[in-house]
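The values are calculated or read from the model by the stated rules, or taken from the named source; none is laboratory data. Everything quoted here is computed from the prediction, not taken from an experiment. Quick reminder, even Gly has a Cβ in these numbers, built from the backbone with ideal geometry, and neighbours come from all protein chains shown.
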Amino acid sequence: MAMELVESKETRSYFAPEANAEQLVQGIALKNGLAFYGTHYGARRRPMFSRGLPIMISPPLSITAEEVDDMVNRLDRSSSEWEDALGVS
């Protein structure tokens, strides 16, 4: 599953490199007990197209309903903290 993080819902624009959006979301996610797959971008790569920041989510096949609920809660908390840190909505 993938979740696309964008600076603006209307334009789906990519974040400026100086925003460090990817590094920030990865750090916040780790603090909340989540580890995301790396994306197409990074410190040495420029986006190939002007879109949002794709985050790959891959829970194990053996995940339980309770674990899914916990993961979604952690994801919600992480995305809220990330939005607050970047000043996006």
**Fill in**
The residue from PRO60, PRO47 that alone is of a type outside the set (Asp, Glu), modelled with pLDDT of 85 or more and assigned to a loop (DSSP other than H, G, I, E, B) is PRO60
**Asked** Is there any pair with a first residue in region 53-77 that is under 15 Å from ILE28 (Cβ atoms) and among the β-branched types (Val, Ile, Thr) and a second that is at pLDDT below 95 and assigned to a loop (DSSP other than H, G, I, E, B) whose Cβ atoms are under 6 Å apart and which are 6 or more apart or on different chains, and what are they?
**Response** ILE55/PHE36; ILE57/MET1
**Item:** Unmet requirement for GLU22, which otherwise passes all of (1) surrounded by 11 or more Cβ atoms within 10 Å (Cβ to Cβ); (2) at pLDDT below 90; (3) not in a helix (DSSP H, G or I)
**Value:** (3)
